[in-house]
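Please treat every number below as a calculation from the coordinates, not as lab data. Worth saying up front: this structure is predicted, and the values here are computed from it rather than measured. Because the Cβ atoms are built from the backbone with ideal geometry, glycine has one as well, and the counts that use them run over all protein chains shown.
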Amino acid sequence: MYIFRGREFSLSEIKIIKQVIKNDQGKSRRHISKKICEVINWRQLNGKLKDAACREVLRRMNEVGIIDLPRLRLNPPQKSRRPKDRWKGIFKERKEPIEGSLSNLEEIELQMVRSSTEKRFWDYLIDKYHYLGYGKPIGKQIKYFVYSQDKLLGCIGFADAVLKLNLRDKWIGWSIEQREKNLHLIINNVRFLILPWVKVRNLASKILSLVNKQVPEDWNSYYGYRPVLLETFVDIGRFSGTSYKSGNWINLGRTLGKGRSGMKYFIHNRPKDIYVYPLCRNYLRILRCHW
């Protein structure tokens, strides 16, 4: 038995994976991953195939020699693939300064990103104005625009939790088995952007208070289950985490400044503080539960 991305793969499933690869040698890795998900019935809770996660698992299996994947199909080089360049001239931001206090604004609301045009605009803004740029998360995700009436204030996004995080895992006190079973109940605040021409005191804290109430409901509606814990990382070289602290997020400590690319770890010397926010009272009991 092997474990990748929190899922156990039996020897019989490995045999099936090898057979699919052998039968579809001329096909792309995307085609193979979808076929494997269908055969072993690897799906999200909403019924959709977990083919993106499957491709990552296949790549890792290939790296350690369990399987032998076909070579990647290399696409012709393109001049630019970044959202901020791809959609330049198509999307235009209203950059009128928005300043003052929260009382000067109309009701603030989170608007879920749904249409393909909205997704492209969200990607464009994040890539252009967020210090990390745009990075496509693997797995489940949900994105929002932050509005006050017709005034766009910012963007925020959530995705699956980090697979292994020592400080978080020790704080929860769960076993490896418990983490593998219940990790999906944690979601990560992967991006948070207030547009640079918006200077409103306490706006970030207000947005986080809306997040705590709305995101669990939307996640449940979209994916069929309710998360019990939020997590995020704050780059201490850029931010102090004031908004998370004032919003009663719990600081679990500081990372060692390491990152991961595929199966390899590297030192990037950018330590980050880890914050979490419980979404219900019995979150620890749920996360430690054996289902």
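Taking Cα atoms, how many degrees apart are the long axis of helix 29-40 and the longest axis of the chain, rounded to 10 and kept between 0 and 90?
70 degrees
Which cross-chain or sequence-distant (5 or more) residues have an amide H under 5 Å from the amide H of GLY154, H modelled 1.01 Å from N in plane?
Correct list: VAL146, LEU195.
Which is farthest toward the positive dipole end of the chain among ILE274, LEU208, SER116, measuring Cα position about the Cα centre, with Cβ charges +1 (Lys, Arg) and -1 (Asp, Glu)?
Positive-most Cα among the choices belongs to SER116.
Could you give the length gained on full extension between TRP197 and ARG71, defined as 0.36 nm per residue of separation minus the Cα-Cα distance, in nm?
40.7 nm
For region 1-64, what does the alpha-carbon gyration tensor say about shape, rounded, prolate or oblate, given a ≥ b ≥ c as the root eigenvalues, a/c under 1.5 as rounded, and a/b over b/c as prolate?
It comes out rounded by the Cα gyration axes.
Positive end of the dipole of the chain, charges at C-beta (+1 Lys, Arg; -1 Asp, Glu), about the Cα centre: which of TYR222, LEU165, ILE32 has its Cα farthest in that direction?
Result: ILE32.
For SER221 paired with ILE16, estimate the spin-label separation in nm (one decimal), with each label point 7 Å from Cα along the Cα-to-Cβ line.
3.4 nm
Find out how many positive minus negative residues lie around MET112, taking Lys and Arg as positive, Asp and Glu as negative, among other residues whose Cβ is under 12 Å from that of MET112.
For residues surrounding MET112, the net value is -1.
Subtract the Cα-Cα distance of ASN62 and GLU106 from 0.36 nm times their separation in residues, and report this length gain in nm to one decimal.
10.5 nm
Taking the Cβ of SER101 as the centre, find all other residues whose Cβ is under 15 Å away and add up their charges (Lys, Arg: +1; Asp, Glu: -1).
Result for the local shell: +1.
Just to check I understand the Karplus step: with θ = phi - 60° and J = 6.51 cos²θ - 1.76 cosθ + 1.60, what whole-Hz values come out for region 230-244, glycine and proline as x?
9, 9, 7, 10, 10, 6, 6, x, 10, 9, 9, x, 4, 5, 5
Got the relative contact order for the chain handy, in percent, Cα pairs under 8 Å and 6 or more residues apart?
It rounds to 15 percent for the chain.
Would you mind working out the magnitude of the charge dipole of the chain relative to its Cα centre, with +1 at each Lys and Arg C-beta and -1 at each Asp and Glu C-beta, to the nearest 20 Debye?
1000 debye
From the phi of every residue in region 283-288, what ³J(HN,Hα) in whole Hz does the Karplus formula 6.51 cos²θ - 1.76 cosθ + 1.60 yield, where θ is phi - 60° and glycine or proline is x?
4, 5, 4, 5, 5, 8
Out of all DSSP beta bridges with both ends in region 83-287, state the antiparallel percent to the nearest 5.
That works out to approximately 85 percent antiparallel.
Roughly how many whole Å is it from the C-alpha centroid of region 26-47 to that of region 96-165?
About 30 Å separates the Cα centre of region 26-47 from the one of region 96-165.
Taking θ = phi - 60°, what integer Hz values does the Karplus form 6.51 cos²θ - 1.76 cosθ + 1.60 yield along region 211-218, in sequence order, with x for Gly and Pro?
Taking θ as phi minus 60°, the curve returns 4, 4, 8, 8, 4, x, 5, 5 Hz for region 211-218.
Which of these values of P(r) over Cα pairs in 10 Å bins from 0, in percent was calculated from the structure shown: (1) 6, 29, 37, 21, 6, 1; (2) 5, 24, 32, 26, 11, 2, 0; (3) 6, 27, 34, 23, 8, 1, 0?
(2)
So, by mean Cβ neighbours within 10 angstrom, what's the order for 23-36, 92-105 with the highest one leading?
Descending mean neighbour count gives 23-36, 92-105.
Which angle between 0 and 90 degrees, to the nearest 10, do you get for helix 51-63 versus the longest principal axis of the chain when only C-alpha atoms count?
Rounded to the nearest ten degrees, it is 60.
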